[in-house]
Amino acid sequence: MEGKNSKKKVYTAPKGMHDILPDEQVWWDRFYNKAKDVSDFYGFKKIDTPLLEDADIFIRGTGLGTDIVEKEMYTLKTKGGDFLALRPEGTPSVIRSYIENGMFNWPQPVKLFYYGPMFRYDKPQAGRYRQLFQFGLEMIGEENAAADAEIIQAVWLILNELGIKNIHIELNSIGCPDCRPAYKKFLKTFYRTKASKLCSDCKRRLKINPLRILDCKNESCIALRENLPPLFDKLCEECRGHFEHLLEYLDEMQIPYNLNPNLVRGLDYYTKTVFEVWSNDDAGSLALGGGGRYDGLVGILGGPKKPAVGFAFGVDRIVYQLKLRNKKTETYHKNKVYLVQLGESAKKQIFGLLEEFRKNNISVESSLGRDSLRSQLKNADHSRVKYCLILGQREVIDGTVILRDMESGLQETIPIDKIILELKERLKKEN
Ligand code: HAM
């Protein structure tokens, strides 16, 4: 009950989660439209999977010993007793759907893309959220290194066409169940006498997954691995051949990459190729996306043996990059005009005009509840339209309308029956 002294609680979004306000949507749309266009072109089909899944698919798929499953998963028990998780990533969900819907009977490879929020109970900081958006590409049923190259090419193209060009790809091969166990064993022996110098996380990793020691950012762990022979020197013939083919394809496509023997990725299902995309601008910051091959996952989740490869963009981080690079160019909403009316007769005429605009595919905004020119122009300014149309008593009588360029402030009077044509011409030039 509200008492005299009761304080009103101010509600905020949950920690590490945030709203995407109307003004920011332009960046998110811009990324999604480009990513979807390129994915469509490469033959990827959209898939949506539930935000909640049986927690087991992540425990078995992503891996019990990974940070994502061990520390970051939001889980719940339903009233019916099911143990569910808010998806921390999309790959196991897509593979669950691939198996459940018998997609292994479709012509292979099956190429899918998805877009939406993922949830990780991570320590919130710049670029690291608890609700994060990913756009993922998965190609299932193709083992040839050309598939890995195709995914990398699509990723490269999407970023380049968005104007995010100052980037590079970190690349490695982490082998397969044939050659990796020997390297893991070698690592255990290598670190046995040095264990006391490892950080506490790596001491634990030495027991569960010694490969993860390779990408530890702790200085003493970095120093310890200085003389370590890289994993790609120990790959089996099959993995080495696969990796060499991939490098040839990337060279052919002129996609630059850095071979990084310490890149192992924090998810358990990877085999052979692993890669990440980084911006060159803010070194030491965060990956814009990551992916790799996961030939065992379909089998692990109960399906037939099917090779697969994929990648996911961290969309929050891409949007940050887009904002950094395009401060000016996105200032105006390109295909939109603002209608300002002054007086009752103008207001009535506007209702008819609105329909004309809709038929001609021009978006309009107006504030019919406002009467003053000043407040309507202020709203138009806030909506960041390039053009504003002003219709007053005089214009209604003359059969004209004033066209105002919001950037320069210049105004012209145009006959009302020519305004659609005039606007279409101008908007076409703007685009
Ligand atoms: P991941 O490396 O865990 O891979 O995530 C992919 C990208 O999501 C990261 O590179 C990063 O940009 C973004 N991301 C991850 N965590 C956060 C966070 N807490 N806040 C903001 N952004 C974040 C996967 O999820 C794999 N499923 C990728 C994949 C697809 N592999 C094969 N197919």
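Between the listed residues Ser196, Ala154, Gln254, the Cα displaced farthest toward the positive end of the dipole of the chain, a dipole computed from Cβ unit charges relative to the Cα centre, is found at Ser196.
In order along region 336-342, phi translates into HN-Hα couplings of 10, 10, 10, 9, 10, 10, 10 Hz, rounded to whole numbers, per the Karplus curve 6.51 cos²θ - 1.76 cosθ + 1.60 with θ = phi - 60° and x for Gly and Pro.
Taking Cα centre as origin and charging only the Cβ of basic (Lys, Arg, +1) and acidic (Asp, Glu, -1) residues, the dipole magnitude of region 337-430 rounds to 220 debye.
Placing unit charges on each Cβ (+1 for Lys and Arg, -1 for Asp and Glu) gives region 337-430 a dipole about its Cα centre, and among Gly392, Ile362, Leu373 the Cα reaching farthest toward its positive end belongs to Ile362.
With +1 on each Lys and Arg Cβ and -1 on each Asp and Glu Cβ, and nothing else charged, work out how big the dipole of region 234-364 is about its Cα centre, in Debye to the nearest 20. It would help to have the intermediate numbers written out before the result.
Working: 18 positive and 16 negative charges, 147 e Å.
Value, rounded to 20: 700 debye.
Placing unit charges on the Cβ atoms only, positive for Lys and Arg and negative for Asp and Glu, gives the chain a dipole magnitude near 1700 debye about its Cα centre.
Database remark: amide H of Glu89 closer than 5 angstrom to the amide H of Phe119 (H placed geometrically; neighbours at sequence offset of 5 or more, or on other chains; Pro and chain starts carry no H). Look at the dipole of region 87-175 built from charges on Cβ: of Ser97, His168, Gln125, the Cα furthest out on the positive end belongs to Gln125. Taking the C-alpha atoms only, the angle from helix 315-325 to the longest principal axis of the chain is near 60 degrees. Computed 3J(HN,Hα) for region 49-62, one whole-Hz value per residue from the Karplus formula 6.51 cos²θ - 1.76 cosθ + 1.60 where θ = phi - 60°, is 10, x, 6, 9, 9, 4, 4, 4, 5, 7, 4, 7, x, 5, glycine and proline marked x. For the chain, the longest principal axis of the alpha carbon atoms and the long axis of helix 145-161 meet at an angle near 30°.
For region 202-310, with every protein chain kept in place, what is the accessible area per residue (1.4 Å probe, Å²)? Provide the component values of the computation, followed by the final result.
Working: 5020 Å² over 109 residues.
Value returned for region 202-310: 46 Å² of accessible area per residue.
The local environment of Cys199, defined by Cβ-Cβ distances under 10 Å, has a net charge of +3 under the rule Lys, Arg +1 and Asp, Glu -1. Could you check how much of the accessible area of the chain is carbon and sulfur, as a whole percent, using a 1.4 Å probe? Carbon and sulfur atoms account for 51 percent of the accessible area of the chain. If you sort the three axes of the alpha carbon gyration tensor as a ≥ b ≥ c, you get a/c of 1.5 or more for region 1-137 and a/b no higher than b/c, which makes it oblate.
Using the alpha carbon gyration tensor of region 95-171, what are the three equivalent-ellipsoid semi-axes (square root of 5 times each eigenvalue), largest first, in whole Å?
Details: eigenvalues 138, 85, 21 Å².
With the √(5λ) rule applied to region 95-171, the semi-axes are 26, 21, 10 Å.
Computed over the chain with a Gaussian network model linking Cα atoms closer than 10 Å, the most mobile of Gly127, Gly80, Gly65 is Gly80.
Once you have a ≥ b ≥ c as the square roots of the Cα gyration tensor eigenvalues for region 337-430, tell me rounded if a/c is under 1.5, and otherwise prolate or oblate according to whether a/b is larger than b/c. Because its axes are fairly even, with a/c under 1.5, region 337-430 counts as rounded. Loop-located trypsin sites (Lys or Arg not before Pro) in region 16-96 (DSSP state not H, G, I, E or B) with no more than 14 neighbouring Cβ atoms inside 10 Å: Lys71, Lys79. Here the 3J(HN,Hα) profile of region 260-269, calculated from phi with Karplus coefficients 6.51, -1.76 and 1.60 at θ = phi - 60°, is 10, x, 9, 7, 10, 6, x, 10, 6, 7 Hz, Gly and Pro shown as x.
The values are calculated or read from the model by the stated rules, or taken from the named source; none is laboratory data. Predicted model only: the values in this text are computed from it and were never measured. Every residue, glycine as well, gets a Cβ built from its backbone with ideal geometry; the counts of neighbours run over all protein chains shown. Side chains included, ligands, DNA and RNA excluded: accessible areas come from the protein's heavy atoms. Shrake-Rupley method; radii C 1.70, N 1.55, O 1.52, S 1.80 Å.
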